[in-house]
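Data block below; observations after.
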Amino acid sequence: PTPPYLKWAESLHSLLDDQEGIQLFRTFLCQEGCADLLDFWFACSGFRKTSQEKRAKLAKAIYRKYIVDGSGIVSRQIKAATKSFIRDCVVRPHPDPAMFEQAQTEIQSMMEENTYPLFLKSDLYLEYT
Amino acid sequence: MDSEDDLLQKCITSAMPKQR
């Protein structure tokens, strides 16, 4: 069978589908000072599955941690229109489970084009393999 | 009652794949 670390090089999704892959990628992102990208991506996935009674509080938590501060790595990568859409959603008593989907897509594209290829070329990944 | 940070951390963990 294909070793997991070779699968990680197939796509970002293959990497994020494996616990060890996530750990190594997160270590790399920490070194680069942008681990929040990955945490935010998972927070968006978790948000969709969160029960309705916790959703409003969680939406605020995600918004405060990653979006409201415009100098943060996540906030800087999300389009102004997307941030303004999230700002409108976050004040509702029953936020839409899909309210972070566009932002998640934008962060995912950024990782696919930038941090993920850099990770595959990094010493960290090469030493691991 | 969970703090916002706990809630967020649980949310992130819940979205990650389980151990292979």
When A:ASP69 is evaluated against the numbered criteria (1) in a helix (DSSP H, G or I); (2) in contact with a helix residue (DSSP H, G or I) (Cβ under 9 Å, 6 or more places away or on another chain), which criterion, by number, is the only one it fails? (1)
Do we have any residue at all in region A:48-64 that's more than 14 Å from A:MET99 (Cα to Cα) and aliphatic (A, V, I, L, M)? no
Quick one: how many residues across region A:85-112 are within 12 Å of A:SER45 (Cα to Cα) and outside any helix (DSSP H, G or I)? 4
Would region A:30-38 turn up any residue that is within 11 Å of chain B (Cβ to nearest Cβ), crowded, with 19+ Cβ neighbours inside 10 Å and touching a Pro at 6+ places or on another chain (Cβ under 7 Å)? no
Please work out if A:ILE67 is β-branched (Val, Ile, Thr), in contact with a Gly (Cβ under 8 Å, 6 or more places away or on another chain) and within 21 Å of A:CYS30 (Cα to Cα). no
Leading residue by the ranking (farthest from B:CYS11 (Cα to Cα)) among those in region A:34-52 that are under 14 Å from the mean Cα position of the chain (by Cα) and of a type in the set (Gly, Ala, Ser): A:ALA35
Based on this model, can you work out whether A:ALA81 counts as in a helix (DSSP H, G or I) and surrounded by 17 or more Cβ atoms within 10 Å (Cβ to Cβ)? no
Quick one: which of A:VAL74, A:VAL68, A:VAL90 is touching an Asp or Glu at 6+ places or on another chain (Cβ under 6 Å) and within 14 Å of chain B (Cβ to nearest Cβ)? A:VAL74
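No value in this document is a laboratory result; all are computed from the given coordinates. Here the structure is a predicted model, which means the values were calculated and not measured. No Cβ is skipped: glycine too gets one built from the backbone with ideal geometry, and neighbour counts run over all protein chains shown.
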